[in-house]
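Single-structure report; data block below.
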Amino acid sequence: MKPVAGSAASLQSFLAFDFGTRRIGVASGTRLMSVVEPRGSLRGGDAAFDDIARLVREWEPQGLVIGVPRHPDGAPHEMTEKAQRFGRRLAGRFHLPVFEVDERYTSVEAESQGADDVDAGAATLILEQFLRETSS
């Protein structure tokens, strides 16, 4: 996990995103209650930021978590940079700490678990992984 900005240790509530150019999966969760829930998918592109602003107002997260895809060997690819750019835009617009999580295979895992919305399911897995990695 690489923080884009901020420290995760004292933060309790989060919104997580499974970034894609067509759809962005969303999940919310809290460290205190150890509860993570899918919140659906948004349309990708610039229009997503209006929907994200609504979610930030509604859920009042203390931090944002983004999944960053990579090749199986860990090497970056085209979507790696796009996801990281998305994270920088989130940080700039919402003035919240943004944390990156390696999200290889989360969509495949969400699909194998029977998620109704694979993108939101992947965002849920991303946030669960983040909370596991930052608990201590």
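If you go through region 1-14 one residue at a time, how many are outside any loop (DSSP other than H, G, I, E, B) and either buried (at least 19 other Cβ atoms within 10 Å of the Cβ) or at pLDDT 65 or above (or both)? So the count comes out to 2. The single condition from (1) surrounded by 19 or more Cβ atoms within 10 Å (Cβ to Cβ); (2) at pLDDT below 95; (3) out of contact with any Lys or Arg (no Cβ under 9 Å at 6 or more places or on another chain) that Asp116 fails is (1).
Pairing residues of region 23-52 that are at pLDDT 95 or above and polar (S, T, N, Q) with residues that are part of a helix (DSSP H, G or I) and surrounded by 15 or more Cβ atoms within 10 Å (Cβ to Cβ), at Cβ distances under 6 Å and at least 6 apart in sequence or on separate chains, gives Ser28/Trp59; Ser41/Asp119; Ser41/Ala120.
Taking region 94-117 as the range and being under 19 Å from Pro72 (Cβ atoms) and of a type in the set (Val, Ile, Thr) as the test, the residues that pass are Val101, Thr106, Val108.
When Ser107 is tested against (1) closer than 16 Å to Val36 by Cβ; (2) surrounded by 15 or more Cβ atoms within 10 Å (Cβ to Cβ); (3) at pLDDT below 90, just one condition goes unmet, and that condition is (1).
Region 15-120 holds strands (runs of 3 or more DSSP E) entirely within its bounds, and those carrying 3 or more residues that are in contact with a Ser or Thr (Cβ under 8 Å, 6 or more places away or on another chain) map to 23-30, 35-43, 63-68. When you check Arg57 against the structure, is it within 19 Å of Gln12 (Cα to Cα) and modelled with pLDDT under 95, yes or no? When the stated conditions are applied, Arg57 does not pass them. Out of curiosity, is Ser112 closer than 18 Å to Val35 by Cα and either in contact with an Asp or Glu (Cβ under 7 Å, 6 or more places away or on another chain) or not β-branched (Val, Ile, Thr) (or both)? Judged against the criteria, Ser112 is not a match. Before we move on, is Pro97 crowded, with 17+ Cβ neighbours inside 10 Å, touching an Asp or Glu at 6+ places or on another chain (Cβ under 7 Å) and either at pLDDT below 95 or within 15 Å of Leu11 (Cβ to Cβ) (or both)? In short, no.
The values are calculated or read from the model by the stated rules, or taken from the named source; none is laboratory data. Note that the structure is predicted; figures quoted are calculated from it, not measured. Virtual Cβ from ideal backbone geometry, glycine too; neighbours counted across all protein chains shown.
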